[in-house]
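Colleague: Pasting a structure here, questions to come.
Values in this text are rule-based calculations from the coordinates and carry no lab data. In this text the structure is predicted, and so the values were computed from the model without any measurement. Positions of Cβ are backbone-derived with ideal geometry, glycine not excepted, and every protein chain shown enters the neighbour counts.
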There are 2 protein chains.
Amino acid sequence: MRKDTKGVIFIGDGMGGRPMAELDGTTTLEAQDTPALDRMAREGACGLMDPIAPGIPAGSDTAHMAILGYDPHRYYRGRGPFEAKGVGIDVMPGDVAFRCNFSTVEGRKVVDRRAGRIKEGTDQLTAAIHEQIPTIEDVEIIFEPSVEHRAALVLRGPGLSHEITEVDPHDPGVDYLESRPEEGAEDPEGAAKTARILNEFVRRAHEALDDHPVNEQRREAGEPPANIVLPRGAGTAVDLQPLHERYGLSAAMIVEVDLVRGLGQYLDMDVIHVDGATGGQDTDEIAIARAVVAALESHDFVLANIKCPDLGGHDGDCRAKMEAIAKVDRAVAHLLDNVDFSRTTVMITADHCTPCSVQDHSGDAVPIAFYGRGVRPDDVDSYGERACATGIMGHLRGMEIMDALTNMMGRAEKFGA
Amino acid sequence: MRKDTKGVIFIGDGMGGRPMAELDGTTTLEAQDTPALDRMAREGACGLMDPIAPGIPAGSDTAHMAILGYDPHRYYRGRGPFEAKGVGIDVMPGDVAFRCNFSTVEGRKVVDRRAGRIKEGTDQLTAAIHEQIPTIEDVEIIFEPSVEHRAALVLRGPGLSHEITEVDPHDPGVDYLESRPEEGAEDPEGAAKTARILNEFVRRAHEALDDHPVNEQRREAGEPPANIVLPRGAGTAVDLQPLHERYGLSAAMIVEVDLVRGLGQYLDMDVIHVDGATGGQDTDEIAIARAVVAALESHDFVLANIKCPDLGGHDGDCRAKMEAIAKVDRAVAHLLDNVDFSRTTVMITADHCTPCSVQDHSGDAVPIAFYGRGVRPDDVDSYGERACATGIMGHLRGMEIMDALTNMMGRAEKFGA
């Protein structure tokens, strides 16, 4: 088995789509000129990928899990653990984790879910929570702030479950909610305990924060006080084998989305920060591509994701999505010029479709192209939803991608004799 | 349901490949002129097959298991039982079986793994083993010689496991090894017992053979003594339903590889010997094809395998592989001329790819073509990796082949009403 070969999965987030009347019945990917992507398809091995399974709209978290070979049906227990990992909490199996906002309430009514996008003072507010709510019953309370109004909460103790309803109402102007066990929860007792503790945490966080000096100052300055913490997206942490152990590949991740970055940390990948990678339309795609090339010097495998195509899809803005796809194409052009393809296989895909006509993720298959070492080129001549459908790779599922990639890298183990 | 139709799976071993620069970017299968295979593709129903799953390099044993419809993930416990069955031992569920070599050692050092490819005398050496080592603890020792230095060992008794490390170091000039339980064995107690008995067998076989008259004579003649038995490839025998029971088809196998022949015997297929089938480049492919035609007179289903394309792949010798593929094509031409296709469906495939650029099995999909009774021809016009990718059968897995074949034979049972 080879030990000196490299692999890359390069993802245009939400880059797949559906035909649009305003684009003469083509998709944004087909309508946009993409010379680098087309070259990868023309000289590579193409196909379509169902991130989870045909027709299942994938989240970014479940899609990336599947593409990295971790079955989300088996291991996904909510986004919370990835979020918590992303803000630096060392989540452990059995923990229940939440994404949180510092918010503004009057009584129970949510006035501002983001507390005026509070920039400063959350460290002091967090210190008050640490001091006043170290535990509830036999459960340890772990709380850490992230950028602006964002934070993460982890409950650590025996018999907890993520099968509880939300506290955050997700809309302003209404009361925040009492968490309850989900109907039909597999562990109703654990869910009841978790909901009780979570409600108690929210109540005591409000007590700790409402009259806090930071919030007194904010009120004086006419800013909404960050006087409560609203958790959402409960998730139970499961034990995932580190990616380098699973595949015997040293692995790096270069992404712009916190949630996916948290997954990378969870899988013990080296999560690499790139200056200029903003996650927006203004992101520096060449900086991202350069970081991939650099990471290949020290790693066997790199997963990279450029976020902006997904934004245009969610906004229903075909032109913005096409510009974002052009960015992905420029990043791919940089790879074409700077990667040693005699020992590197690059796989291009999207984590899911975000059609402008849907303005959300859809369950349509996405085009894939493998390029470089070990590929068997087919007759596909451009990178697009229709063109790739006749490729030699056929229809793969996300869960099969790492096997296909490591096979081309010459690093797949033989099963049998 | 029909009872008078016939089916054939005809396998060019390792016949799939990857494009080679020296063949102008074509594969050996694409580069070689194959009029008979091309006719089967042109008039047949084509596709690609992943023997196990996309990207998984298959062994010959696991690939043939899957193609015959026995899930290797569920039933494969090492090659040993197939090897033992192939040399005529009636392996039973729970047995742990090994392939063995008569070897030459000085002290613990392996001087010749094949004891000078000993031609005669292994019967007498085997008799000594039978006499001196009938049992160890509560385990029966079953040992039978095969051709030259080859033999098989079966341990039969309670609580055994195949999860043990090798005795045979696989390289000459180094000491042979003490078998131990594999790390993380599911049955550590069974593995410990099996390793202990195996080590004792090796020690006592050395005692029984070292001063044996056969070896005294060999030493006098300047030949290396066959003074030890080195087992390898432990496998636990599992209970596999005979193929004729599973599909209601009387079944024959015509192959050149001991390992696959052992699988056929294990599945209670009629394993047919063909004079001139050498397993090498000099094999008589027409004799093999004639044997298939003859076997169809008395059997509903025949699996045949011509070994030589795999050899060129392992040797990285494109020209040899192309000549071997030409042999497969001539055998297929004989089938085209001599089979009654009004009642026979023939399926052509490889058990896996052995690309000359890899010199080992790869996890790439192989081309398939169904020809004759019950097929739906598509637009594919030649038999090759790229050409078959757009065929009407799409991408199948090995496990789905027997269902596809029996459907075309008109011998698949309806599921439902």
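Colleague: For the protein assembly as shown, with the dipole built from +1 on Lys and Arg beta-carbon atoms and -1 on Asp and Glu ones, taken about the Cα centre, which of B:T349, A:V139, A:S250 lies farthest toward the positive end?
Modeller: B:T349
Colleague: Mind putting a number on the dipole of the range A:7-63 about its Cα centre? Charges go on the C-beta only, +1 for Lys and Arg and -1 for Asp and Glu, and I need it in Debye to the nearest 20.
Modeller: Taking the Cα centre of the range A:7-63 as origin, the dipole is about 140 debye.
Colleague: Beyond a 24 Å Cα-Cα separation, which of these cross-linked pairs lie in this structure: B:K119/B:K327; A:K414/B:K193; B:K6/B:K414; A:K414/B:K6; A:K3/B:K327; A:K414/B:K307? Intermediate results must be reported in sequence, preceding the final value.
Modeller: Numbers: B:K119/B:K327 30 Å; A:K414/B:K193 28 Å; B:K6/B:K414 18 Å; A:K414/B:K6 33 Å; A:K3/B:K327 36 Å; A:K414/B:K307 19 Å.
Among B:K119/B:K327; A:K414/B:K193; B:K6/B:K414; A:K414/B:K6; A:K3/B:K327; A:K414/B:K307, the Cα-Cα distance tops 24 Å for B:K119/B:K327; A:K414/B:K193; A:K414/B:K6; A:K3/B:K327.
Colleague: Among bridges DSSP assigns within the protein assembly as shown, what percent are antiparallel (round to 5)?
Modeller: Percentage antiparallel, nearest 5: 60.
Colleague: Compute a Gaussian network model of chain A, connecting alpha carbons closer than 10 Å, and tell me which residue from A:S298, A:S60, A:S179 fluctuates the most.
Modeller: It is A:S298.
Colleague: Once phi is turned into θ = phi - 60°, what whole-Hz ³J(HN,Hα) does the Karplus curve with 6.51, -1.76 and 1.60 give for every residue of the range B:207-224, x standing for Gly and Pro?
Modeller: 4, 6, 9, 4, 9, 5, x, 4, 6, 4, 4, 5, 4, 4, 7, x, 9, x
Colleague: While we're here: Suppose a student asked you for the relative contact order of chain B, using Cα pairs under 8 Å spaced at least 6 residues apart; what percent would you report?
Modeller: Relative contact order of chain B: 33 percent.
Colleague: Next question. Consider a paramagnetic label point 7 Å from the Cα of A:R246 along Cα→Cβ; state which residues of the range A:375-403 have an amide N under 17 Å from it.
Modeller: Counting only backbone N, you get A:397-403.
Colleague: Check the axis relating chain B to chain A and name the residue of B whose C-beta is nearest, distance in whole Å.
Modeller: Residue and rounded Å distance to the axis: B:T390, 3.
Colleague: Bin all alpha-carbon pair distances of chain A at 10 Å intervals from 0 and give each bin's fraction as a whole percent.
Modeller: All Cα pairs considered, the percentages come to 5, 21, 29, 23, 15, 6, 1, 0.
Colleague: About its Cα centre, how strong a charge dipole does the range B:82-236 have in debye, to the nearest 20, once Lys and Arg get +1 and Asp and Glu get -1 at the Cβ?
Modeller: The calculated dipole for the range B:82-236 is roughly 380 debye.
Colleague: Now for a separate question. Let me know the mean shielding of B:47-54 by other chains, meaning the per-residue number of their Cβ atoms within 10 Å of its Cβ.
Modeller: 4
Colleague: Let me ask something else about it. Partner chain Cβ atoms within 10 Å, averaged over the residues of B:357-366 - can you pull that number for me?
Modeller: Values: counts 3, 4, 0, 3, 5, 7, 11, 9, 5, 0.
Mean partner shielding for this stretch: 5.
Colleague: Sticking with this one: Sorted from largest to smallest, which semi-axis lengths in Å does the alpha carbon gyration tensor of the range A:82-236 give for its equivalent ellipsoid, taking the root of 5 times each eigenvalue?
Modeller: Value: 25, 16, 13 Å, ordered largest first.
Colleague: Follow-up. Would you pull out the residues with amide H under 5 Å of A:A152's amide H, same chain only if 5 or more places away, H placed 1.01 Å from N?
Modeller: Long-range HN contacts for A:A152: A:C100, A:E144, A:S146.
Colleague: What does the average come to when, for each residue of peptide A:396-405, you count the partner chain Cβ atoms lying within 10 Å of its Cβ?
Modeller: Rounded to a whole number, the mean comes out at 3.
Colleague: Something else now. Sort shortest first the distances from A:D379 to its counterpart in every other copy, using label points 7 Å along the Cα-to-beta-carbon line, and give them in nm.
Modeller: Label-point distances to the other copies, shortest first: 0.7 nm.
Colleague: Given B:G410, B:T27, B:V274, which one lies farthest toward the positive end of the charge dipole of chain B, if we put +1 on the Cβ of every Lys and Arg and -1 on the Cβ of every Asp and Glu?
Modeller: My answer, from the dipole projection, is B:G410.
Colleague: Using a label position 7 Å from Cα in the Cα→Cβ direction, what is the ascending list of nm distances from A:R117 to the same site in the other copies?
Modeller: 7.9
Colleague: Within 10 Å, count the other beta carbons around each residue, average over each peptide in A:348-359, A:150-161, and list them highest first.
Modeller: Result, highest mean first: A:348-359, A:150-161.
Colleague: Short version: ³J(HN,Hα) in whole Hz for each residue of the range B:230-245, in order, from phi by Karplus 6.51 cos²θ - 1.76 cosθ + 1.60 (θ = phi - 60°), x for Gly and Pro, what are they?
Modeller: Each residue's phi maps through the Karplus curve to give 10, x, 8, x, 3, x, 8, 6, 10, 8, 9, 5, x, 4, 5, 6 Hz.
Colleague: Please list, ordered by chain and number, the residues whose modelled amide H lies under 5 Å from the amide H of B:T283; skip anything fewer than 5 residues away on the same chain.
Modeller: B:T278
Colleague: Next up: What ³J(HN,Hα) values, in whole Hz, does the Karplus curve 6.51 cos²θ - 1.76 cosθ + 1.60 give for the range B:107-115 when θ = phi - 60°, with x put for Gly and Pro?
Modeller: Those phi angles translate into x, 9, 7, 7, 8, 8, 5, 10, 6 Hz.
Colleague: So what are the radius of gyration and Dmax for the Cα set of the protein assembly as shown, in Å?
Modeller: According to the Cα coordinates of the protein assembly as shown, Rg and Dmax are 31.7, 107 Å.
Colleague: Hey, can you rank A:181-194, A:76-89 by average C-beta count inside 10 Å, highest first?
Modeller: Packing proxy ranking, top to bottom: A:76-89, A:181-194.
Colleague: Using a 7 Å offset from the Cα along the Cα-to-Cβ direction at both B:Q217 and B:A287, what is the distance between the two label points in nm, to one decimal?
Modeller: 2.9
Colleague: Report the charge-dipole magnitude of the protein assembly as shown in Debye, nearest 20, computed about the Cα centre from +1 at each Lys and Arg Cβ and -1 at each Asp and Glu Cβ.
Modeller: 920
Colleague: What are the residues whose amide H is under 5 Å from the amide H of B:L396, where those residues sit 5 or more places off or on another chain and H is modelled from the backbone?
Modeller: HN-HN under 5 Å from B:L396: B:L48, B:M49, B:D50.
Colleague: Let me ask something else. When ranked by the protection proxy of mean other Cβ atoms within 10 Å per residue, highest first, what sequence do the peptides A:1-12, A:271-282 form? Spell out each step's value before the answer.
Modeller: Working: A:1-12: 20.8, A:271-282: 14.6.
By packing density, highest mean first, the sequence is A:1-12, A:271-282.
Colleague: In nm, what does the list of distances from B:V238 to its counterparts in the other copies look like, shortest first, when each label sits 7 Å along Cα to Cβ?
Modeller: When each copy's label point is compared with this one, the spacings are 2.3 nm.
Colleague: Counting alpha carbon pairs within less than 8 Å and at least 6 residues apart, what relative contact order, in whole percent, applies to the range B:82-236?
Modeller: So the answer I get is 32 percent.
Colleague: How large is the helix-only mean residue ellipticity at 222 nm for chain A, computed as the sum of -39500 (n - 2.57) over DSSP H runs with n ≥ 4, divided by its residue count, in deg cm²/dmol to the nearest 500? Don't skip to the answer; put the middle values down first.
Modeller: Values: 14 runs with 139 residues, N = 417.
The helix contribution divided over chain A gives -10000 deg cm²/dmol.
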